[in-house]
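Engineer: My questions will all concern the structure given below.
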Amino acid sequence: MLRNVFVKNLRDQRKAMFWWVLGLLILVMYLIWFYPGFRDRGAFVNEYIQQLPPALRATFMGELTDFTSPEGYLNTEMFFFTMPMLLLIFTIGFGSAAIAGEEERGTLDLLLANPIPRWRVVLEKWAALLVLSGALVGVVWLGVLASVQFVELEINFAYLAQAFVSLWLLSLTFGTLALALGSIRGRRGLSAGVTSALAVAAYFLNSLAPLTDTLKPYRKLSLFYYYIGADPLSNGLDVGHAAVLVGVTVMLAVVALVAFHWRDVGV
(Lines give C-alpha, C1' and ligand atoms only; values in the text may rest on other atoms or scores of the structure.)
Protein backbone atom coordinates (compact mmCIF):
# COMPACT_ATOMS: atom_id res chain seq x y z
CA MET A 1 0.00 0.00 0.00
CA LEU A 2 1.32 3.42 -0.97
CA ARG A 3 1.96 5.72 1.97
CA ASN A 4 1.07 8.68 -0.21
CA VAL A 5 -2.73 8.67 -0.08
CA PHE A 6 -2.98 11.38 -2.73
CA VAL A 7 -0.97 9.43 -5.31
CA LYS A 8 -2.76 6.18 -4.46
CA ASN A 9 -6.15 7.79 -5.09
CA LEU A 10 -5.00 9.19 -8.42
CA ARG A 11 -3.63 5.80 -9.39
CA ASP A 12 -6.81 3.98 -8.33
CA GLN A 13 -8.93 6.29 -10.48
CA ARG A 14 -6.86 6.07 -13.68
CA LYS A 15 -9.09 3.52 -15.44
CA ALA A 16 -12.31 5.26 -14.44
CA MET A 17 -10.84 8.59 -15.53
CA PHE A 18 -10.07 7.19 -18.96
CA TRP A 19 -13.72 6.30 -19.55
CA TRP A 20 -14.96 9.55 -18.02
CA VAL A 21 -12.67 11.56 -20.31
CA LEU A 22 -13.66 9.54 -23.38
CA GLY A 23 -17.36 9.86 -22.64
CA LEU A 24 -17.22 13.59 -21.93
CA LEU A 25 -15.23 14.31 -25.09
CA ILE A 26 -17.70 12.38 -27.23
CA LEU A 27 -20.57 14.27 -25.60
CA VAL A 28 -18.87 17.63 -26.16
CA MET A 29 -18.21 16.93 -29.83
CA TYR A 30 -21.78 15.69 -30.27
CA LEU A 31 -23.23 18.88 -28.75
CA ILE A 32 -20.94 21.30 -30.57
CA TRP A 33 -21.36 19.74 -33.98
CA PHE A 34 -25.15 20.14 -33.83
CA TYR A 35 -24.88 23.89 -33.27
CA PRO A 36 -24.87 25.01 -36.96
CA GLY A 37 -28.17 23.22 -37.56
CA PHE A 38 -29.88 25.13 -34.73
CA ARG A 39 -28.20 28.43 -35.65
CA ASP A 40 -29.35 28.26 -39.27
CA ARG A 41 -32.95 27.79 -38.11
CA GLY A 42 -32.68 30.54 -35.50
CA ALA A 43 -36.11 32.17 -35.77
CA PHE A 44 -37.96 28.85 -35.93
CA VAL A 45 -36.00 27.34 -33.01
CA ASN A 46 -36.45 30.37 -30.74
CA GLU A 47 -40.17 30.58 -31.58
CA TYR A 48 -40.59 26.89 -30.78
CA ILE A 49 -38.75 27.24 -27.45
CA GLN A 50 -40.89 30.21 -26.44
CA GLN A 51 -43.97 28.03 -26.86
CA LEU A 52 -42.73 25.53 -24.28
CA PRO A 53 -44.20 25.78 -20.75
CA PRO A 54 -42.25 28.35 -18.70
CA ALA A 55 -41.52 25.82 -15.96
CA LEU A 56 -40.06 23.39 -18.50
CA ARG A 57 -37.88 26.11 -20.04
CA ALA A 58 -36.68 27.27 -16.65
CA THR A 59 -35.90 23.74 -15.47
CA PHE A 60 -33.73 22.71 -18.40
CA MET A 61 -32.70 25.97 -20.07
CA GLY A 62 -32.49 28.55 -17.31
CA GLU A 63 -33.09 32.21 -18.04
CA LEU A 64 -32.58 31.70 -21.77
CA THR A 65 -32.64 34.73 -24.08
CA ASP A 66 -31.41 33.40 -27.45
CA PHE A 67 -30.87 29.68 -27.89
CA THR A 68 -29.16 30.12 -31.26
CA SER A 69 -26.44 32.48 -29.99
CA PRO A 70 -23.17 30.72 -29.04
CA GLU A 71 -23.59 31.67 -25.37
CA GLY A 72 -27.26 30.70 -25.31
CA TYR A 73 -26.60 27.36 -26.99
CA LEU A 74 -23.66 26.38 -24.76
CA ASN A 75 -25.43 27.54 -21.61
CA THR A 76 -28.51 25.49 -22.48
CA GLU A 77 -26.82 22.36 -23.81
CA MET A 78 -23.82 22.19 -21.50
CA PHE A 79 -23.58 24.55 -18.57
CA PHE A 80 -27.09 24.70 -17.18
CA PHE A 81 -27.92 21.02 -16.79
CA THR A 82 -25.80 18.40 -18.56
CA MET A 83 -22.26 19.14 -17.40
CA PRO A 84 -23.12 20.06 -13.79
CA MET A 85 -25.09 16.83 -13.37
CA LEU A 86 -22.33 14.66 -14.87
CA LEU A 87 -19.57 16.33 -12.87
CA LEU A 88 -21.62 16.08 -9.69
CA ILE A 89 -22.11 12.35 -10.25
CA PHE A 90 -18.32 11.99 -10.36
CA THR A 91 -17.46 14.24 -7.41
CA ILE A 92 -20.28 13.01 -5.15
CA GLY A 93 -19.33 9.42 -5.94
CA PHE A 94 -15.67 10.06 -5.20
CA GLY A 95 -16.34 12.16 -2.10
CA SER A 96 -18.72 9.66 -0.55
CA ALA A 97 -16.33 6.75 -1.22
CA ALA A 98 -13.19 8.53 0.00
CA ILE A 99 -13.63 7.80 3.72
CA ALA A 100 -17.00 6.08 4.11
CA GLY A 101 -16.37 3.72 1.20
CA GLU A 102 -13.04 2.57 2.63
CA GLU A 103 -14.65 2.15 6.03
CA GLU A 104 -17.48 0.00 4.65
CA ARG A 105 -15.07 -2.11 2.56
CA GLY A 106 -12.88 -2.71 5.60
CA THR A 107 -9.80 -1.15 3.98
CA LEU A 108 -9.71 1.87 6.25
CA ASP A 109 -8.00 -0.10 9.03
CA LEU A 110 -5.14 -1.00 6.64
CA LEU A 111 -4.79 2.64 5.70
CA LEU A 112 -4.80 3.88 9.29
CA ALA A 113 -2.30 1.17 10.29
CA ASN A 114 0.31 3.22 8.41
CA PRO A 115 2.03 6.11 10.24
CA ILE A 116 -0.24 8.65 8.57
CA PRO A 117 -2.25 11.08 10.71
CA ARG A 118 -5.98 11.12 10.08
CA TRP A 119 -5.99 14.76 9.03
CA ARG A 120 -3.52 13.93 6.28
CA VAL A 121 -5.71 11.07 5.02
CA VAL A 122 -8.67 13.42 4.62
CA LEU A 123 -6.57 16.24 3.21
CA GLU A 124 -4.89 14.07 0.58
CA LYS A 125 -8.18 12.48 -0.46
CA TRP A 126 -9.68 15.95 -0.79
CA ALA A 127 -6.67 17.03 -2.83
CA ALA A 128 -7.23 14.04 -5.12
CA LEU A 129 -10.87 15.09 -5.51
CA LEU A 130 -9.71 18.60 -6.38
CA VAL A 131 -7.21 17.39 -9.00
CA LEU A 132 -9.43 14.74 -10.59
CA SER A 133 -12.48 17.00 -10.90
CA GLY A 134 -10.24 19.78 -12.21
CA ALA A 135 -8.79 17.39 -14.78
CA LEU A 136 -12.24 16.41 -16.03
CA VAL A 137 -13.33 20.03 -16.32
CA GLY A 138 -10.07 20.88 -18.08
CA VAL A 139 -10.57 18.08 -20.59
CA VAL A 140 -14.10 19.26 -21.37
CA TRP A 141 -12.79 22.82 -21.83
CA LEU A 142 -10.11 21.59 -24.24
CA GLY A 143 -12.72 19.50 -26.03
CA VAL A 144 -14.91 22.57 -26.57
CA LEU A 145 -11.92 24.62 -27.76
CA ALA A 146 -11.02 21.91 -30.28
CA SER A 147 -14.59 21.29 -31.43
CA VAL A 148 -15.49 24.94 -32.11
CA GLN A 149 -12.65 25.06 -34.65
CA PHE A 150 -14.75 22.85 -36.94
CA VAL A 151 -18.00 24.85 -36.74
CA GLU A 152 -18.75 28.54 -36.92
CA LEU A 153 -19.21 29.04 -33.19
CA GLU A 154 -17.59 32.28 -32.05
CA ILE A 155 -17.17 32.42 -28.30
CA ASN A 156 -15.07 34.49 -25.91
CA PHE A 157 -12.40 31.96 -24.88
CA ALA A 158 -11.58 33.84 -21.68
CA TYR A 159 -15.22 33.81 -20.55
CA LEU A 160 -15.46 30.17 -21.62
CA ALA A 161 -12.54 29.29 -19.34
CA GLN A 162 -14.13 31.25 -16.48
CA ALA A 163 -17.43 29.41 -16.97
CA PHE A 164 -15.54 26.12 -16.61
CA VAL A 165 -13.84 27.40 -13.46
CA SER A 166 -17.29 28.10 -12.03
CA LEU A 167 -18.40 24.59 -13.03
CA TRP A 168 -15.35 23.10 -11.33
CA LEU A 169 -16.03 25.04 -8.11
CA LEU A 170 -19.65 23.84 -8.02
CA SER A 171 -18.72 20.19 -8.52
CA LEU A 172 -15.94 20.48 -5.96
CA THR A 173 -18.31 21.98 -3.39
CA PHE A 174 -20.78 19.10 -3.58
CA GLY A 175 -17.96 16.54 -3.71
CA THR A 176 -16.52 18.05 -0.54
CA LEU A 177 -19.97 17.92 1.08
CA ALA A 178 -20.12 14.19 0.32
CA LEU A 179 -16.62 13.77 1.78
CA ALA A 180 -17.64 15.65 4.94
CA LEU A 181 -20.79 13.58 5.45
CA GLY A 182 -18.79 10.39 4.91
CA SER A 183 -16.24 11.55 7.46
CA ILE A 184 -18.99 12.32 9.98
CA ARG A 185 -21.11 9.18 9.62
CA GLY A 186 -18.91 6.61 7.85
CA ARG A 187 -21.77 5.48 5.61
CA ARG A 188 -21.28 5.82 1.87
CA GLY A 189 -24.93 5.42 0.88
CA LEU A 190 -26.07 8.06 3.35
CA SER A 191 -23.37 10.46 2.23
CA ALA A 192 -24.09 10.04 -1.48
CA GLY A 193 -27.86 10.06 -1.01
CA VAL A 194 -28.06 13.17 1.15
CA THR A 195 -25.62 15.09 -1.02
CA SER A 196 -27.45 14.11 -4.21
CA ALA A 197 -30.80 15.12 -2.73
CA LEU A 198 -29.41 18.50 -1.67
CA ALA A 199 -27.90 19.02 -5.14
CA VAL A 200 -31.21 18.27 -6.86
CA ALA A 201 -33.09 20.55 -4.46
CA ALA A 202 -30.55 23.33 -5.03
CA TYR A 203 -30.85 22.90 -8.80
CA PHE A 204 -34.64 23.19 -8.83
CA LEU A 205 -34.59 26.09 -6.37
CA ASN A 206 -32.28 28.07 -8.63
CA SER A 207 -34.20 27.08 -11.79
CA LEU A 208 -37.74 27.74 -10.62
CA ALA A 209 -37.20 30.69 -8.26
CA PRO A 210 -37.39 33.32 -11.07
CA LEU A 211 -40.90 32.04 -11.92
CA THR A 212 -42.52 32.41 -8.52
CA ASP A 213 -42.52 35.08 -5.85
CA THR A 214 -42.66 32.35 -3.20
CA LEU A 215 -39.24 30.90 -4.12
CA LYS A 216 -37.55 34.05 -5.40
CA PRO A 217 -36.31 35.28 -1.96
CA TYR A 218 -34.64 31.91 -1.33
CA ARG A 219 -32.76 31.60 -4.64
CA LYS A 220 -29.49 32.73 -3.07
CA LEU A 221 -29.63 29.70 -0.77
CA SER A 222 -28.89 27.54 -3.82
CA LEU A 223 -25.23 26.90 -4.69
CA PHE A 224 -26.32 26.70 -8.33
CA TYR A 225 -27.14 30.41 -8.15
CA TYR A 226 -23.51 31.19 -7.34
CA TYR A 227 -22.41 28.86 -10.13
CA ILE A 228 -24.42 30.25 -13.02
CA GLY A 229 -26.66 33.03 -11.72
CA ALA A 230 -24.29 35.73 -13.03
CA ASP A 231 -23.93 33.92 -16.42
CA PRO A 232 -20.11 33.59 -16.42
CA LEU A 233 -20.13 32.48 -20.08
CA SER A 234 -21.55 35.87 -21.14
CA ASN A 235 -20.20 38.14 -18.41
CA GLY A 236 -17.12 36.45 -16.99
CA LEU A 237 -16.68 34.94 -13.55
CA ASP A 238 -18.39 36.82 -10.74
CA VAL A 239 -15.69 37.07 -8.06
CA GLY A 240 -18.22 37.32 -5.24
CA HIS A 241 -20.12 34.25 -6.39
CA ALA A 242 -16.88 32.29 -6.84
CA ALA A 243 -15.81 33.34 -3.34
CA VAL A 244 -19.02 31.88 -1.91
CA LEU A 245 -18.35 28.50 -3.56
CA VAL A 246 -14.71 28.53 -2.42
CA GLY A 247 -15.70 29.53 1.11
CA VAL A 248 -18.33 26.79 1.44
CA THR A 249 -15.90 24.21 0.03
CA VAL A 250 -13.13 25.14 2.45
CA MET A 251 -15.58 25.13 5.38
CA LEU A 252 -16.80 21.65 4.43
CA ALA A 253 -13.21 20.41 4.08
CA VAL A 254 -12.47 21.66 7.60
CA VAL A 255 -15.60 19.89 8.87
CA ALA A 256 -14.38 16.67 7.24
CA LEU A 257 -10.93 17.02 8.83
CA VAL A 258 -12.27 17.68 12.32
CA ALA A 259 -15.03 15.05 12.15
CA PHE A 260 -12.75 12.25 10.98
CA HIS A 261 -10.04 13.19 13.47
CA TRP A 262 -12.36 12.83 16.46
CA ARG A 263 -14.75 10.11 15.30
CA ASP A 264 -14.56 6.55 16.58
CA VAL A 265 -14.28 4.80 13.21
CA GLY A 266 -15.79 1.35 12.73
CA VAL A 267 -12.61 -0.64 12.00
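Engineer: Test Ala55 against the stated conditions and say whether it is over 18 Å from Ser171 (Cα atoms) and either open to solvent by 20 Å² or more (accessible area, probe 1.4 Å) or of a type in the set (Ser, Thr, Tyr) (or both).
Structural biologist: Yes: the conditions hold for Ala55.
Engineer: When you go through Gly93, Gly134 one by one, which is the residue that is open to solvent by 10 Å² or more (accessible area, probe 1.4 Å) and touching a residue at least 60 places away in the same chain (Cβ under 8 Å)?
Structural biologist: Result of the check over Gly93, Gly134: Gly93.
Engineer: To continue, here is another question. With respect to Ile26, determine if the residue is β-branched (Val, Ile, Thr) and either surrounded by fewer than 14 Cβ atoms within 10 Å (Cβ to Cβ) or in contact with a His (Cβ under 9 Å, 6 or more places away or on another chain) (or both). Break it down stepwise before answering.
Structural biologist: Numbers: β-branched (Val, Ile, Thr): yes; either surrounded by fewer than 14 Cβ atoms within 10 Å (Cβ to Cβ) or in contact with a His (Cβ under 9 Å, 6 or more places away or on another chain) (or both): yes.
Against the criterion (β-branched (Val, Ile, Thr) and either surrounded by fewer than 14 Cβ atoms within 10 Å (Cβ to Cβ) or in contact with a His (Cβ under 9 Å, 6 or more places away or on another chain) (or both)), Ile26 qualifies.
Engineer: Further question on the same structure: Val151 versus (1) at pLDDT below 95; (2) open to solvent by 40 Å² or more (accessible area, probe 1.4 Å): which is the lone unmet condition?
Structural biologist: The failed condition is (2).
Engineer: Then there's this: Go through region 200-235 and count every residue that is modelled with pLDDT of 95 or more and either small (Gly, Ala, Ser) or touching a strand residue (DSSP E or B) at 6+ places or on another chain (Cβ under 6 Å) (or both).
Structural biologist: Number satisfying all stated conditions: 3.
Okay, residues lined up against (1) touching a residue at least 24 places away in the same chain (Cβ under 8 Å); (2) closer than 30 Å to Gly106 by Cα:
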{"site": "Phe174", "(1), (2)": "yes, yes"}
{"site": "Leu177", "(1), (2)": "yes, yes"}
{"site": "Ala202", "(1), (2)": "no, no"}
{"site": "Val250", "(1), (2)": "no, yes"}
{"site": "Ala253", "(1), (2)": "yes, yes"}
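Engineer: May I pose another question? Can you name every residue in region 165-185 that is more than 14 Å from the chain's Cα centre (by Cα) and either β-branched (Val, Ile, Thr) or open to solvent by 10 Å² or more (accessible area, probe 1.4 Å) (or both)?
Structural biologist: Leu181, Ile184, Arg185 - these are the residues of region 165-185 that are more than 14 Å from the chain's Cα centre (by Cα) and either β-branched (Val, Ile, Thr) or open to solvent by 10 Å² or more (accessible area, probe 1.4 Å) (or both).
Engineer: Could you list all residues from region 232-267 that are open to solvent by 40 Å² or more (accessible area, probe 1.4 Å), part of a loop (DSSP other than H, G, I, E, B) and under 29 Å from Val144 (Cβ atoms)?
Structural biologist: Passing the criteria: Leu237, Asp238.
Engineer: Please work out which one of (1) modelled with pLDDT under 85; (2) within 25 Å of Ser171 (Cβ to Cβ); (3) surrounded by fewer than 17 Cβ atoms within 10 Å (Cβ to Cβ) is the condition Thr65 fails and give its number.
Structural biologist: It is condition (2) that Thr65 fails.
Engineer: Might you let me know whether region 30-52 holds any residue that is modelled with pLDDT of 90 or more, closer than 23 Å to Phe94 by Cα and either open to solvent by 70 Å² or more (accessible area, probe 1.4 Å) or not small (Gly, Ala, Ser) (or both)?
Structural biologist: Looking for residues that are modelled with pLDDT of 90 or more, closer than 23 Å to Phe94 by Cα and either open to solvent by 70 Å² or more (accessible area, probe 1.4 Å) or not small (Gly, Ala, Ser) (or both), one finds none in region 30-52, hence no.
The values are calculated or read from the model by the stated rules, or taken from the named source; none is laboratory data. Remember, it's a predicted structure, so these values are computed and weren't measured experimentally. Cβ sites come from the backbone with ideal geometry, for glycine too, and all protein chains shown count toward neighbours. The accessibility values were calculated without ligands, DNA or RNA, using every heavy atom of the protein model including side chains. Shrake-Rupley method; radii C 1.70, N 1.55, O 1.52, S 1.80 Å.
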